[in-house]
């Protein structure tokens with residue numbers, strides 16, 4: 001699997017394990033958000049996006065912008081690869 005840039009600000013996963021990897025990332029995001037007692041609305045506000053957009057991104061139906069992934073990592077005090085790369 002490799003990470004490719006969709007455009008200058010978005011990332012997406014490619015390869016045979018795309019769905020498995022996306023599910024792992026989604027699970028990590030949900031777990032971290034819930035552990036920190038944050039709602040969809042809290043995350044959306046932190047990223048300066050709509051709640052609907054955040055939900056789509058967390059569910060893997062839309063790509064996070066690269067900067068958003070770094071902000072999320074910072075929010076949860078995690079390394080980027082702990083959340084957004086396959087483990």
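The values are calculated or read from the model by the stated rules, or taken from the named source; none is laboratory data. Bear in mind the structure is a predicted one, so any value in this text is a computation, not a measurement. Ideal geometry is used to build each Cβ from the backbone, glycine not excepted, and the neighbour counts take in all protein chains shown.
Checking the condition touching a helix residue (DSSP H, G or I) at 6+ places or on another chain (Cβ under 7 Å) and in contact (Cβ under 8 Å) with a residue 40 or more places away in the chain, which residue from 51, 69 passes?
So the residue among 51, 69 that is touching a helix residue (DSSP H, G or I) at 6+ places or on another chain (Cβ under 7 Å) and in contact (Cβ under 8 Å) with a residue 40 or more places away in the chain is 69.
Where residues in the stretch 7-54 are exposed (fewer than 12 other Cβ atoms within 10 Å of the Cβ) and under 17 Å from residue 70 (Cβ atoms), which of them is modelled with the highest pLDDT?
The extreme case among them is 48.
When both residues are 6+ apart or on different chains and their Cβ atoms are under 8 Å apart, which pairs have a first residue that lies in the stretch 11-37 and is on the phi < 0 side of the Ramachandran plot and outside any strand (DSSP E or B), and a second that is surrounded by fewer than 16 Cβ atoms within 10 Å (Cβ to Cβ) and modelled with pLDDT under 50?
16/1; 17/1; 18/1; 21/1; 21/15
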